Amino acid sequence: MATRNLIDLNQLSLEELDDITDMACRISKHPTHYSSACRDKLMATLFYEPSTRTQMSFQSAMLRLGGKIIGFDNPGSTSVAKGESLKDTVTVLSGYTDILTIRHPVEGAAMAASLYSSVPVVNAGDGGHLHPTQTLTDVVTLRNVAGRTDNLVIGMCGDLANGRTVHSLCKCMARYGGNSFVFISTRTLAMPDYIKDYVTACGCSFSEVSTIEEAIPYLDVLYMTRIQQERFESPEEYQAQKGVFVLDGKKMALAKPDLCVLHPLPRVDEISYEVDDDPRAYYFQQTLYGMYGRMALIIRLTSEHESRQPEKPRTDSEFVCRNPKCITQLETYLPPMSIDTPKGKVCAYCEHHSH
């Protein structure tokens, strides 16, 4: 792999991604063959934000590979509560371990962590920005369930504005030939422009609709997401969006017989329980594929990082990120960094334009 860290799945070439998903498929069939792949390796899980599946999936993956884990899932019980910076936490814990996994409520935190870590960093979700290993989960699932990752009509429904899972998935699936997208949301929760720009730049088409019913008959994949209460400024804003999109048996009757319904979980009320018994619902199998995908990723990163030099930051002293949700607003010592795009510079941490 050309990359030392996994902050964005698009750091990987399609060949590298396919290599990892191939390994995940092999692991799923013969997990005991990999039970010593990470013997004597130690992983730190730094979870600044609540998690069930992602945290336990990473932990299960490392343990099933013969490795060990340390870390925290409550920053309030660590020196973070005393004001310790992300830089200091990462610098210290990377000295203890062979790989570091971080989830953080602030956009760009994983990128920031990678600047100060002496071992590979894996982004386990940074605010409403990206969630690359969930996308790895989704790709492994599609390989096993749909049998392909190209020429798909992919519907994404719910909180597309703040949904890091759909942002990562869009950026990844736009790279495969023949895919198109249908974004199902309210105007308030619409897909961000930078994701739409990326999809368009890849030569993929997309449409935007406001109901599940008008989209579902044409979809090969329906990716449901919850309305994320923690991303809203007030309870009133959340209540105004809650319960707008609900997938039930009546709507499933409109879908193709081979539709693949996915969900990153947790769900709240956006998929009714009757859908669980529909053979087109794959969201629980999806969680198991996620563990195998993370096992393959851990093997790749821990076995190869020692032969590579750390990625150098792209400092841009003239760039100022004005995204209030960016890690640079919280950890003010971070060097300003930018990425050039066809529409101008964007923040290297959170991918927002400076204006």
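Which residues, taken from the stretch 67-117, are in contact (Cβ under 8 Å) with a residue 40 or more places away in the chain, within 21 Å of Ser303 (Cα to Cα) and open to solvent by 60 Å² or more (accessible area, probe 1.4 Å)?
Tyr96, the sole residue that qualifies.
Do we find that Asn151 is surrounded by fewer than 23 Cβ atoms within 10 Å (Cβ to Cβ) and not in a loop (DSSP other than H, G, I, E, B) in this structure?
no
Of all residues in the stretch 162-180, count the ones that are buried (at least 24 other Cβ atoms within 10 Å of the Cβ) and over 17 Å from Thr133 (Cα atoms).
Counting residues in the stretch 162-180 that are buried (at least 24 other Cβ atoms within 10 Å of the Cβ) and over 17 Å from Thr133 (Cα atoms) gives 1.
Tell me, yes or no, whether the stretch 306-314 has at least one residue that is within 28 Å of Pro105 (Cα to Cα), outside any helix (DSSP H, G or I) and either of a type in the set (Gly, Ala, Ser) or at pLDDT 95 or above (or both). Outline the logic, then answer.
Applying the first criterion (within 28 Å of Pro105 (Cα to Cα)) to the stretch 306-314 yields 310-314.
Still in the list and also outside any helix (DSSP H, G or I): 310-314.
Cutting the leftovers down to either of a type in the set (Gly, Ala, Ser) or at pLDDT 95 or above (or both) gives us none.
No, the stretch 306-314 contains no residue that is within 28 Å of Pro105 (Cα to Cα), outside any helix (DSSP H, G or I) and either of a type in the set (Gly, Ala, Ser) or at pLDDT 95 or above (or both).
Taking the stretch 248-262 as the region of interest, how many residues are closer than 16 Å to Tyr223 by Cβ and either in contact with a Leu (Cβ under 9 Å, 6 or more places away or on another chain) or surrounded by fewer than 15 Cβ atoms within 10 Å (Cβ to Cβ) (or both)? It would help to see each step written out before you state the result.
Taking the stretch 248-262 as the starting set, the residues that turn out to be closer than 16 Å to Tyr223 by Cβ are 251-252, 255-256, 258-262.
If we keep only those that are either in contact with a Leu (Cβ under 9 Å, 6 or more places away or on another chain) or surrounded by fewer than 15 Cβ atoms within 10 Å (Cβ to Cβ) (or both) too, we end up with 252, 255-256, 258-262.
Of the residues in the stretch 248-262, 8 are closer than 16 Å to Tyr223 by Cβ and either in contact with a Leu (Cβ under 9 Å, 6 or more places away or on another chain) or surrounded by fewer than 15 Cβ atoms within 10 Å (Cβ to Cβ) (or both).
Take the stretch 181-224 and flag every residue that is surrounded by fewer than 19 Cβ atoms within 10 Å (Cβ to Cβ), within 25 Å of Arg280 (Cβ to Cβ) and of a type in the set (A, V, I, L, M).
If the condition is that a residue be surrounded by fewer than 19 Cβ atoms within 10 Å (Cβ to Cβ), within 25 Å of Arg280 (Cβ to Cβ) and of a type in the set (A, V, I, L, M), then Val209 is the only one that fits.
Table: residues versus (1) part of a loop (DSSP other than H, G, I, E, B); (2) touching a residue at least 60 places away in the same chain (Cβ under 8 Å); (3) open to solvent by less than 10 Å² (accessible area, probe 1.4 Å); (4) within 23 Å of Ala113 (Cα to Cα).
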residue	(1), (2), (3), (4)
Asn10	no, yes, no, yes
Cys25	no, yes, no, no
Thr32	no, no, no, no
Asp40	yes, no, no, no
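Within the stretch 150-193, work out how many residues are acidic (Asp, Glu) and free of Cβ contacts under 8 Å to residues at least 24 places away in the same chain.
The total comes to 1.
The values are calculated or read from the model by the stated rules, or taken from the named source; none is laboratory data. Everything numeric in this text was worked out from a predicted model, so none of it was measured. Here the Cβ is made from the backbone with ideal geometry for all residues, glycine too, and neighbour counts use every protein chain on show. Areas reflect the complete protein model, heavy atoms only, side chains present, ligands, DNA and RNA absent. Shrake-Rupley method; radii C 1.70, N 1.55, O 1.52, S 1.80 Å.
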